[in-house]
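Notes follow once the structure below has been shown.
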Amino acid sequence: MSNTRKVSSDMNAFQDLFNRANKIVALTGAGISAESGIPTFRGAGGFWRTYKCQELATPESFAKNPGLVWQFYAYRRQLVSSKEPNLAHKSLSILEQNFLRDSPQRQVIVVTQNIDELHRRAGMKRVLELHGSLFKTRCTQCNAVKTNYSIPIVPALAKIELDEPDRHIDPKDLPRCEKCTGLLRPHVVWFGEPLDPFVLKQAEGLMGITDLLLIIGTSSVVYPAAAFVPQVAKRGVVISEFNIEPTPSSEYARFFFKGSCAQKLPKALQIGETMISHWG
Ligand code: BJW
Ligand code: ZN
């Protein structure tokens, strides 16, 4: 891409294009949930106790110390359950409802790397979760996937605090499969693991047809999601980024809206305060 290409932060120019787009894809990451009080992965908040979050989100960490990795996820289940979707999640959801009601030929779809389910809790219907969900488990023996919102998920994982020493938990007291008693794991995608091929295929299909890509609150360093942006840019599609700082995707963005997406996104999508307050 040429260095002379201009990146714009002109809201009116963005809205001209937005008003003509029919298949809007919003690719979201941890930054969209930051204003809900959920820490991001990288940067200052990216630690859990003394561990870097990315270091715990691996199959190797789970194999070595499933009790520790479960404490990390149990803590996040507790935290996320106590938080609410913010204006950025709500704006996307209101946009989806407005399209359904007023312009059914227009669609907005969220492709998220987040596992917090906040898009769904904001009422969004069309959400593709690339990395799974905090509230699903998968059996390491029989592979059964189950939705589970219980907090605590087992008594040994009750009231996990950030400032307590790591608990030693007997593996028999960790979450277990009700069918085969195998050890359960969070149904999320860790580094080195393939994404669900069906989910990946759907995401790639959406990237192939979108006519406006919004990239919201992701550092764009984790693949395969990071590869979607250059793939879409190659088709000449307008890419608009919402982030507090530039990312590797910024070189492909026609628009960059710097600042918290909870503030910038409602403006960009023309979702007024009244619409949001009626949403609840
Ligand atoms: C705000 C804000 C505000 C803050 N408003 N903005 C090609 C090249 C190189 C490496 C690879 C490659 N292909 C695959 C790899 C390896 C690896 C990878 O990508 N490594 C890179 C790090 C180099 N990828 C994988 O391993 C993937 N698997 C795979 O490709 O498998 C292939 C395979 C095939 C066949 C057999 C075997 C394998 C899997 C990746 C899974 C990632 N998993 C995690 C954990 C999920 C579970 C959990 O949450 O615990 O997903 S890691 C973590 O990173 C999590 C996130 O979803 C993901 C992305 O992070 P995200 O969302 O971007 O967050 P942050 O914190 O990085 O950024 C936040 C952003 O918000 C920042 O930019 C802030 O500025 C911004 N922000 N506040 C707006 N208010
Ligand atoms: Zn099982």
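Summary table
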read-out: Sorted by Cβ neighbour density within 10 Å, fewest at the top, the residues Phe255, Phe228, Phe242; value: Phe255, Phe228, Phe242
read-out: Cβ-defined net charge surrounding Phe18, 15 Å radius [Lys, Arg +1; Asp, Glu -1]; value: 0
read-out: The chain - share of DSSP beta bridges that are antiparallel (%, nearest 5); value: 30 percent
read-out: Structure-based [θ]222 nm, the chain - -39500 (n - 2.57) summed over DSSP H runs of at least 4, per residue, nearest 500; value: -9500 deg cm²/dmol
read-out: Whole-number percent relative contact order across region 126-280, with pairs defined as alpha carbons under 8 Å at least 6 apart; value: 17 percent
read-out: Mean Cα-pair separation over length for region 190-245, i.e. relative contact order, pairs under 8 Å, 6 or more apart, %; value: 43 percent
read-out: Sorted by Cβ neighbour density within 10 Å, fewest at the top, the residues Ile244, Ile216, Ile160; value: Ile244, Ile160, Ile216
read-out: Pairwise centroid distance, computed over Cα atoms, of region 14-82 with region 173-215, Å; value: 14 Å
read-out: Stokes-Einstein translational diffusion, region 142-280 - Kirkwood Rh over all Cα pairs, 1.567 mPa s, 4 °C, in µm²/s; value: 68 µm²/s
read-out: Length gained when the stretch Phe99-Lys267 is fully extended (0.36 nm per residue, less Cα-Cα span); value: 58.8 nm
read-out: Geometric extent, Cα atoms of region 68-120 - Rg, Dmax (angstrom); value: 14.9, 49
read-out: For the chain, fraction of C-alpha pairs farther apart than 25 Å, in %; value: 47 percent
read-out: Descending principal axes extents, region 61-195, alpha-carbon based, whole Å; value: 55, 33, 27
read-out: More than 17 angstrom apart: percent of Cα pairs within region 123-186; value: 51 percent
read-out: Compactness of region 44-101 - radius of gyration and Dmax, Cα, Å; value: 16.7, 51
read-out: Rough spin-label spacing in nm, given labels placed 7 Å along Cα→Cβ, for Lys6 and Val145; value: 4.6 nm
read-out: Exposure proxy ranking, count of Cβ atoms within 10 Å, fewest first, for Lys6, Lys234; value: Lys6, Lys234
read-out: Largest to smallest principal axis extent of the C-alpha atoms in region 1-149, angstrom; value: 52, 40, 28
read-out: Computed over region 198-250, Cα set: Rg, Dmax in Å; value: 10.7, 32
read-out: The chain, relative contact order in percent, only Cα pairs under 8 angstrom and at least six apart counted; value: 26 percent
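Only the coordinates and a few stated rules stand behind these numbers; no lab work does. Note that this is a predicted model, so its numbers are computed, not measured. Cβ atoms come from the backbone with ideal geometry, glycine included; neighbour counts cover every protein chain shown.
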